[in-house]
Amino acid sequence: MSVKPGWQGRYFEDFEIGDIYEHRLGRTITETDNTWFTLLTMNTNPIHVDRHFSKDTPFEKPLVNSCLTLSLVVGISVSDISENAIANLGWTDVTLPNPVYEGDTIYARTEVLGKRESASRSNAGIVDVRSEGFKQSGEIVIAYKRTFMVYKRGQRPETNRPVPKRS
């Protein structure tokens, strides 16, 4: 039996301007997700956690915390674009064109906008992308640009993952 490595993520050389990555996984947001994230981040706006209050807003029910939406779409994209990143350098142009509610399932895709060699690290490059998160209806709920520094092939530190012992 031969051991075959799993997906290792993309390196700087793998990114091509104009490529679009349809991220494989989606995630349904639960009431618990929204409540815990809102409490964890100390967001005191009742529109996220108070159903009684929310019914009198234009949305008529609790909104999912928009920072949770951002975090979720970034997380969904990691295996395709930034698993080998050294650092995030920035998020810009964040827009939230449609609301997200508990029970919505979020999917994402990312387009490569640009890439360049790092001026400060010879073992890395800089990649610019635009990501969109959308829900089960296809409505876009978030879009943003992200810049990150990513290792070049063969430059990422080893993970020192243990090898299981066979008896």
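What follows draws every value from the coordinates through simple rules; no lab data is involved. Model, not experiment: these values are computed from the prediction. Virtual Cβ from ideal backbone geometry, glycine too; neighbours counted across all protein chains shown.
Laid out as a table, the results:
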quantity	calculated
Selection count where residues are part of a strand (DSSP E or B) and either on the phi > 0 side of the Ramachandran plot or of a type in the set (S, T, N, Q) (or both), scope region 115-143	1
Total residues in region 71-93, condition closer than 17 Å to ILE142 by Cα, in contact with a Phe, Trp or Tyr (Cβ under 7 Å, 6 or more places away or on another chain) and surrounded by 13 or more Cβ atoms within 10 Å (Cβ to Cβ)	1
Residue that is surrounded by the most Cβ atoms within 10 Å (Cβ to Cβ), among those in region 7-31 that are under 24 Å from ASN65 (Cβ atoms) and β-branched (Val, Ile, Thr)	ILE29
Filtered residue count, region 141-166, keeping only those that are surrounded by 16 or more Cβ atoms within 10 Å (Cβ to Cβ), among the hydroxyl-bearing types (Ser, Thr, Tyr) and either free of Cβ contacts under 8 Å to residues at least 60 places away in the same chain or over 25 Å from VAL64 (Cβ atoms) (or both)	2
Checklist (1) of a type outside the set (Phe, Trp, Tyr); (2) without any contact (Cβ under 8 Å) to a residue 12 or more places away in the chain; (3) part of a loop (DSSP other than H, G, I, E, B) applied to LYS61, failing item	(2)
ILE81 vs. criteria in contact (Cβ under 8 Å) with a residue 12 or more places away in the chain, within 11 Å of the chain's Cα centre (by Cα) and outside any loop (DSSP other than H, G, I, E, B)	yes
Residue check for GLU117: loosely packed, with under 13 Cβ neighbours inside 10 Å, more than 28 Å from PHE37 (Cβ to Cβ) and acidic (Asp, Glu)	yes
